[in-house]
Amino acid sequence: MTQLTTSELHAESARYAEEVDELLDSVLGHEARMASVERGGRFAVRPGGDGAAPERIPLRVRGQHLADLSIALFLDAATAGQPLALTATVIKVFSTLDRTPLVRLDYRSDMTSDPVCHWQFHAERGAFTHLLSLAGTARPRRVPSPHDLSRIHLPVGGERFRPCLEDVLEMLVRDCGVDARPGWEGVLASGRERWRLRQLRSVVRDLQKEAAEVLEEEGWSTRPPEALAESRVQAYRRW
């Protein structure tokens, strides 16, 4: 395959930024615009463009500004000739009363110690702290900060089955009462479908033999290529 040029990659990342921008505008009517920023062949899609500090997206309840949404989506051309892939995601929700995030969703394709994709909750609960305190006494290396619940990383499906931005937005609207534009349900459903179909294509590309077996069980006729790609199972083994 021909290596994509930097200008082609930049155009692709800009199209993705427009897609995310349209999603946020259709659901939240947000004030910050998403833009693509290039850094050494890697692209960051975030609100505010190339400024020193990325902007946050205001979240309102009946018009009152109560929280902010921070989004950073990182894309990279992992394979020559292939389109940009989403290799890292950091989504945070902040209260206007505090600088510490309320919750954050992190994804990094190169994560080694923590789950590839996970939620962190910056909150406290007595019963959970009690459990962690006892565990910290028994296994201090595993539980070094028993009073910090945000140190718990809750895995959510790994690289291929992780939540999407649409899932986070729906949580904010449904469970947190954030203001949304009329028709937001359909916008999020369509975006979620688009995201999951992309992930499905990635899964099929990873596991071509397994995908062919399922199709044949359903009555399809398949013929493997002369050089069948080896199944890439590592993404399905990592937590």
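The values are calculated or read from the model by the stated rules, or taken from the named source; none is laboratory data. Not measured: the values here are computed from a predicted model. When we count neighbours, we look across all protein chains shown, and the Cβ atoms used for this are built from the backbone with ideal geometry, even at glycine.
From S109, S113, S133, which residue is of a type in the set (S, T, Y) and touching a Ser or Thr at 6+ places or on another chain (Cβ under 7 Å)?
The unique qualifying residue is S109.
Checking the condition surrounded by fewer than 16 Cβ atoms within 10 Å (Cβ to Cβ) and at negative phi, which residue from Q120, Q64 passes?
From the options Q120, Q64, the qualifying one is Q64.
Do we find that S231 is surrounded by 13 or more Cβ atoms within 10 Å (Cβ to Cβ), modelled with pLDDT under 95, in contact with a Leu (Cβ under 9 Å, 6 or more places away or on another chain) and in a loop (DSSP other than H, G, I, E, B) in this structure? Outline the logic, then answer.
Working: surrounded by 13 or more Cβ atoms within 10 Å (Cβ to Cβ): yes; modelled with pLDDT under 95: yes; in contact with a Leu (Cβ under 9 Å, 6 or more places away or on another chain): yes; in a loop (DSSP other than H, G, I, E, B): yes.
So S231 fits the description; yes.
Just to be sure I understand the filter: pairs with C-beta atoms under 6 Å, separated by 6 or more residues or on different chains, first member in region 4-17 and touching a residue at least 12 places away in the same chain (Cβ under 8 Å), second member among the aromatic types (F, W, Y) and surrounded by 17 or more Cβ atoms within 10 Å (Cβ to Cβ). Which pairs pass?
Hits for this filter: S13/F43.
Residues are listed down the side, and each one gets a yes or a no for (1) in a helix (DSSP H, G or I); (2) closer than 22 Å to V45 by Cβ; (3) within 24 Å of the chain's Cα centre (by Cα):
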residue: Q120; (1), (2), (3): no, yes, yes
residue: F128; (1), (2), (3): yes, no, no
residue: G157; (1), (2), (3): no, yes, yes
residue: R162; (1), (2), (3): no, yes, yes
residue: L172; (1), (2), (3): yes, yes, yes
residue: D179; (1), (2), (3): no, no, yes
residue: G191; (1), (2), (3): yes, yes, yes
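Taking region 105-124 on its own, how many of its residues are farther than 16 Å from S145 by Cα and either modelled with pLDDT of 95 or more or not hydrophobic (A, V, I, L, M, F, W, C) (or both)?
13
I'm told E185 meets every condition in (1) more than 27 Å from V233 (Cα to Cα); (2) modelled with pLDDT of 95 or more; (3) exposed (fewer than 13 other Cβ atoms within 10 Å of the Cβ) except one. Can you identify the failing condition by its number?
Status for E185: all satisfied but (3).
Restricting to region 135-150, count the residues that are in contact (Cβ under 8 Å) with a residue 12 or more places away in the chain and in a helix (DSSP H, G or I).
2
Looking only at residues that are in contact with a Gly (Cβ under 6 Å, 6 or more places away or on another chain) and among the small types (G, A, S) in region 12-35, which one is modelled with the lowest pLDDT? So that I can check it myself, show each step before the final result.
If we filter region 12-35 for residues that are in contact with a Gly (Cβ under 6 Å, 6 or more places away or on another chain), which is where we start, we get 23, 32, 35.
From what's left, among the small types (G, A, S): 32, 35.
Working: A32: 75, A35: 90.
That would be A32.
Evaluate the following for V187: is it part of a helix (DSSP H, G or I), of a type in the set (V, I, T), in contact with a helix residue (DSSP H, G or I) (Cβ under 7 Å, 6 or more places away or on another chain) and under 30 Å from V27 (Cα atoms)?
Taking the combined requirement at face value, the residue satisfies it.
Assuming V168 fulfils every condition listed in (1) under 23 Å from F43 (Cα atoms); (2) not in a helix (DSSP H, G or I) apart from one, which condition is it?
(2)
If I ask for residues that are of a type in the set (A, V, I, L, M) and loosely packed, with under 12 Cβ neighbours inside 10 Å, which ones from region 135-153 would you list?
Listed by number, the list holds a single entry, A138.
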